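One structure is given here, and the rest of the page talks about it.
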Amino acid sequence: MSKYHVSTTINGDPVEYLCEPEQTLLDVLRDELYLTGSKEGCASGDCGACSVLVDDRLVCACLALGAEMGGKKIETIEGMADGDELHPLQQKFLEHAALQCGICTPGFLVAAKSLLDRNPDPTEEETRYWLAGNLCRCTGYDKIIRAVLDTAAEMRSGK
Amino acid sequence: MEEMRYEAPDSLDAAVAMLSDAGEAGRVLAGGTDLLVQLRAGMVHPGLVVDIKNIPEVRAISEEGGGFRVGAAVTGAELGEHAGMCKAWPGVVEATELIGSTQIQGRATMGGNLCNGSPAADSVPALIAAGAVASVIGPSGQRDVPVEDIIIGPGKTSLEKGEFVVSFKFPDRPAHSGDAYLRFIPRTEMDIAVVGAGVNITLDDDGVCQAARVGLGAVAATPLLVADAADALIGSTLDDAALEKLAAAASAACKPIDDKRGTIEFRTKVAGVLARRAALIALDRAKEGR
Ligand SMILES: Cc1cc2nc3c(=O)[nH]c(=O)nc-3n(C[C@H](O)[C@H](O)[C@H](O)COP(=O)(O)OP(=O)(O)OC[C@H]3O[C@@H](n4cnc5c(N)ncnc54)[C@H](O)[C@@H]3O)c2cc1C
Ligand code: FES
Ligand code: FES
């Protein structure tokens, strides 16, 4: 099989990889680059566990090809914490017990961060709609929504 | 099985050449939110995937002769951020923004929604109501095709081998015009339309409807342009009698399927109800001078 050579940026670092034409971005992240924080829940765009940013747009990594990523800027859950220091969203998810099994958590965190980057003061309804493409089978969502809104409030107050 | 190749040409001519060489084996890739699901499920086995997103013409929104031209591979998220399109065609924008989640919006396109050929594709009834015309390019050159003539059956389009949609031209927008799209789904987000209705009207200075177009989705093998429903509105002020006629004409045009998501009777009734409600929203927007 002919491999495709792709040069891209992942979490701020230049990265080059080889991929097969049918490999998705999620396959490349997990199986070629061993960035296994992005999860595969459904592989069909329904669950959001594979959420990443491509050129600042929230997308499902399972619905993009690895070969498409030449020259793009990719951000994954691995880039969210600053070294040992958790991002405020990660910290709030812990405080609010907004996770149980944790499979959905990376996707929720990446999606919630992209919401707060665009809108530092979302309403509960805006937050629920923004996150409607992220499914969780454990928490019942309420704790996740509380954690996101609480993070937004804290980040606005500059604490 | 034949090995799949991936190409991302940066010009229309190069894309046409690749697709016509590949013949049956060639597939266009826009946002991939239908195509990649179909690839994974083994429903399609293309030998060549031609990613059109590096071609400037399919990615641009521009003003053209008083109207807008929107590239076929502009994403839902990008369309929703375009102030001019939101003002001129709020119905088209709201229909396109209904496609999937935030993540899907980051990739899904109107060109893909149309060319996937689903009878329930959300943007299509709104595009039909708007009178949008697809600019199609292929081995024998460029041609203009009204959106209602693209889908000819579930999953089937009238595009010839090697052809693809470059952009959509939206007509000039006279004063006192408005459009709207509504769909019925069992949940509030992330579902396939059981019925979709798009209505587009232009009023004269006295508030009398001069021009109207009505598009329906998910009630027949293809999205429909319903001339009788539009005729029910033209010459009226969208009073109750006209809206009754509109609803009756919309219901009469339905030839839906019966499935667990909606019975024939339900879809037929709801088509009339949604057409009526969409007409009232379009009326408000037309009066606001949008
Ligand atoms: C989780 C999820 C939720 C969804 N929700 C909805 C919904 O609510 N409403 C809805 O209508 N759809 C929905 N969809 C379906 C899909 O997202 C839309 O149909 C979308 O608009 C497809 O656009 P795309 O750019 O991703 O198409 P692609 O997958 O890139 O292409 C779709 C098809 O069209 C062809 N094609 C693409 N562009 C062109 C072109 N310019 N010229 C010729 N052929 C072309 C491709 O070859 C392919 O056959 C959903 C999908 C998922 C995964
Ligand atoms: S794995 Fe991508 S959306 Fe579920
Ligand atoms: S914590 Fe288990 S799926 Fe969300």
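The values are calculated or read from the model by the stated rules, or taken from the named source; none is laboratory data. Keep in mind it's a predicted model, so treat the numbers as computed, not measured. Reconstructed Cβ throughout: ideal geometry from the backbone, glycine too, with neighbour counts over all protein chains shown. Remember, those area values only see protein heavy atoms, side chains included, never the ligands or the DNA or RNA. Shrake-Rupley method; radii C 1.70, N 1.55, O 1.52, S 1.80 Å.
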Q) What are the residues in region B:61-87 that are surrounded by fewer than 23 Cβ atoms within 10 Å (Cβ to Cβ), away from every other protein chain (no Cβ under 14 Å) and either among the charged types (D, E, K, R) or touching a residue at least 24 places away in the same chain (Cβ under 8 Å) (or both), if any? A) B:ILE61, B:GLU63, B:GLU64, B:GLY65, B:GLY66, B:GLY67, B:ARG69, B:MET85, B:LYS87
Q) Going by the structure shown, is B:GLY262 under 30 Å from B:ILE104 (Cβ atoms) and in contact with a Leu (Cβ under 8 Å, 6 or more places away or on another chain)? A) no
Q. Would region B:43-57 turn up any residue that is away from chain A (no Cβ under 14 Å) and either exposed (fewer than 15 other Cβ atoms within 10 Å of the Cβ) or under 25 Å from the mean Cα position of the chain (by Cα) (or both)?
A. yes
Q) Before we move on, is B:ALA248 among the hydrophobic types (A, V, I, L, M, F, W, C) and under 14 Å from B:ALA197 (Cα atoms)? A) yes
Q: Could you grab me the full set of residues in region B:147-159 that are surrounded by 14 or more Cβ atoms within 10 Å (Cβ to Cβ) and either part of a strand (DSSP E or B) or touching a His at 6+ places or on another chain (Cβ under 6 Å) (or both)?
A: B:ILE151, B:THR157
Q. Which residues, counting only those in region B:30-55, are away from ligand 2 (no atom under 16 Å from the Cβ) and free of Cβ contacts under 8 Å to residues at least 24 places away in the same chain?
A. B:GLY42, B:MET43, B:VAL44
Q | Sole exception among (1) in contact (Cβ under 8 Å) with a residue 12 or more places away in the chain; (2) surrounded by fewer than 19 Cβ atoms within 10 Å (Cβ to Cβ); (3) among the small types (Gly, Ala, Ser) for B:GLY162, by number | A | (2)
Q.
Going by what's in this entry, would A:ALA81 be described as within 14 Å of chain B (Cβ to nearest Cβ), open to solvent by less than 60 Å² (accessible area, probe 1.4 Å), more than 14 Å from A:ASN134 (Cβ to Cβ) and away from ligand 2 (no atom under 16 Å from the Cβ)?
A. no
Q. With B:GLN142, B:GLN210 as the choices, which residue is more than 22 Å from B:CYS254 (Cβ to Cβ) and in the same structural domain as B:MET110 (by TED's automatic domain parsing)?
A. B:GLN142
(Q) Take the conditions within 13 Å of chain B (Cβ to nearest Cβ), in contact with a helix residue (DSSP H, G or I) (Cβ under 9 Å, 6 or more places away or on another chain), within 16 Å of ligand 3 (Cβ to nearest atom) and farther than 23 Å from A:ASP142 by Cβ and apply them to A:GLU40. Does it pass? (A) yes
Q.
For region A:89-113, give me each residue that is within 12 Å of ligand 3 (Cβ to nearest atom) and within 14 Å of another protein chain (Cβ to nearest Cβ).
A. A:CYS104, A:PRO106, A:GLY107, A:PHE108, A:LEU109
(Q) If A:LEU109 satisfies all but one of (1) outside the structural domain of A:THR9 (by TED's automatic domain parsing); (2) loosely packed, with under 14 Cβ neighbours inside 10 Å, what's the number of the condition it fails? (A) (2)
Q | One residue from A:LEU53, A:LEU89, A:LEU18, A:LEU99 being of a type in the set (A, V, I, L, M), touching a residue at least 60 places away in the same chain (Cβ under 8 Å) and away from ligand 2 (no atom under 16 Å from the Cβ) | A | A:LEU89
Q. B:ASP144 is checked against (1) open to solvent by 60 Å² or more (accessible area, probe 1.4 Å); (2) within 12 Å of ligand 1 (Cβ to nearest atom); (3) under 28 Å from B:ALA88 (Cβ atoms) and fails just one. What number does that condition carry?
A. (2)
(Q) For region A:114-143, give me each residue that is within 13 Å of chain B (Cβ to nearest Cβ) and open to solvent by 50 Å² or more (accessible area, probe 1.4 Å). (A) A:ASP117, A:ARG118, A:GLU125, A:GLU126, A:ARG128, A:TYR129, A:TRP130, A:LEU135, A:TYR141
Q.
Whether any residue in region A:38-55 is closer than 28 Å to A:ARG128 by Cα and part of a helix (DSSP H, G or I) is what I want to check.
A. no
Q | Members of region B:117-134 that are of a type in the set (Ser, Thr, Tyr) and open to solvent by 10 Å² or more (accessible area, probe 1.4 Å) | A | B:SER118
Q | Selection from region B:62-109 of residues that are at positive phi and within 16 Å of ligand 2 (Cβ to nearest atom) | A | B:GLY100
